[in-house]
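The values are calculated or read from the model by the stated rules, or taken from the named source; none is laboratory data. Every value quoted in this text rests on a predicted model; they were computed, and no experiment measured them. With ideal geometry, Cβ positions are generated from the backbone for all residues, glycine too; neighbour counts draw on all protein chains shown.
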């Protein structure tokens with residue numbers, strides 16, 4: 001209760017109009033003693049794959065007995081997820097006390113909720129300055145509150161695609177502008193570039209960071225991976241690794257895990273061994289990314305059939321999810337809920353011919369979600385009848401399943417959080 005009251009107070013500090021600027025968060029961090037300047041940070045920037053890349057790095061570092069602080073957004077089930085110190089999610093009372101202290105120092109100055117959370121994370125991390133701190137960039141990067149570091153160990157560029165276009169002027173809603181916003185202000189250290197959706201996007205990223213003096217470690221140029229039925233093969237200038245398949249579902253996760261491996265192998269001071277990498281990638285913890293729900297209230301509704309939840313919400317996410325569905329030899333039933341500002345028809349177009357039923361639902365507790373009836377009327381998917389149901393449970397129960405058929409709930413990280421909480 002105490003934590004919730006503080007959160008409500010902090011949300012009221014939000015300026016009526018947001019100018020994309022770092023002034024507010026820099027001013028607050030200055031009052032806090034600039035805690036971010038004494039941390040060993042790895043920055044993770046991109047459209048998709050940031051969270052999974054972070055979790056892969058954490059798993060490898062944990063195997064090497066190196067502790068992590070981790071800042072991610074948005075949270076899936078509760079706000080504490082954004083504040084990981086010493087490998088552990090912060091407890092409610094500790095987070096309430098930390099936010100309360102920063103609230104007092106901020107002294108009612110206008111600041112966005114994300115900015116004050118970011119400053120609070122760095123303030124809390126100063127107690128664990130010997131750890132490696134993994135920082136996920138929020139919206140774009142250039143004017144993101146996390147872009148207040150003066151130095152870091154590395155910047156990882158995960159896959160970049162079209163998303164959050166409503167934050168850009170109409171005439172700038174392009175992949176070129178997004179690449180500029182995400183990559184033009186990276187620090188001079190090491191830049192690891194993950195596998196991209198196309199050579200065109202990779203070339204644009206290379207062009208954007210051309211003047212940056214960092215060591216650049218680029219997928220296909222400096223590291224690579226391949227798979228066979230039982231193994232995952234990674235190679236770079238330090239040699240080849242024959243690895244077990246990781247514990248995450250979906251071949252697309254190898255892109256994120258390879259970027260994580262490239263990062264830790266290039267940070268020689270970490271002294272990461274091949275054995276630690278091999279063990280670490282089989283212990284990655286990830287939620288709402290092609291996650292199978294194996295038990296709980298919602299799972300009980302479908303008994304022996306499989307239930308998956310995935311937070312993908314943009315074309316890049318839809319593409320890798322559709323590719324995964326292609327590998328399954330069974331009927332697939334999708335339950336979909338989305339936010340209002342997404343490209344709904346572009347998202348669903350990737351599933352043409354790949355799903356056997358589609359049920360639209362409202363996302364509970366999200367005023368910026370698109371209503372199920374509006375979304376149903378808007379979507380165009382030839383040859384497929386689209387149903388709609390008011391609740392998650394109702395949607396699951398309405399699907400008539402035969403042996404081996406699966407249900408996938410997707411379209412939003414916020415929906416994924418509601419599903420996991422409900423379950």
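Brief remarks follow.
Yes/no matrix, rows are residues, columns are (1) within 21 Å of the chain's Cα centre (by Cα); (2) surrounded by fewer than 22 Cβ atoms within 10 Å (Cβ to Cβ); (3) at pLDDT 95 or above:
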| site | (1), (2), (3) |
| --- | --- |
| 283 | yes, yes, yes |
| 311 | yes, no, yes |
| 315 | yes, yes, no |
| 331 | no, yes, yes |
| 338 | yes, no, yes |
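- Residue 69 passes every criterion in (1) in a helix (DSSP H, G or I); (2) under 24 Å from residue 279 (Cα atoms) apart from (1).
- The condition (being surrounded by 15 or more Cβ atoms within 10 Å (Cβ to Cβ), on the phi < 0 side of the Ramachandran plot and in contact (Cβ under 8 Å) with a residue 12 or more places away in the chain) is satisfied by just one residue among 227, 191: 191.
- One residue alone among 178, 201, 156 is in contact (Cβ under 8 Å) with a residue 60 or more places away in the chain, farther than 30 Å from residue 87 by Cβ and not in a loop (DSSP other than H, G, I, E, B), and that residue is 178.
Conditions (1) touching a helix residue (DSSP H, G or I) at 6+ places or on another chain (Cβ under 7 Å); (2) free of Cβ contacts under 8 Å to residues at least 24 places away in the same chain; (3) in the same structural domain as residue 173 (by TED's automatic domain parsing), marked per residue:
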| residue | (1), (2), (3) |
| --- | --- |
| 357 | no, no, no |
| 371 | no, yes, no |
| 375 | yes, no, no |
| 396 | yes, no, no |
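- Flag for residue 162 being over 27 Å from residue 214 (Cα atoms), modelled with pLDDT under 95 and touching a helix residue (DSSP H, G or I) at 6+ places or on another chain (Cβ under 8 Å): no
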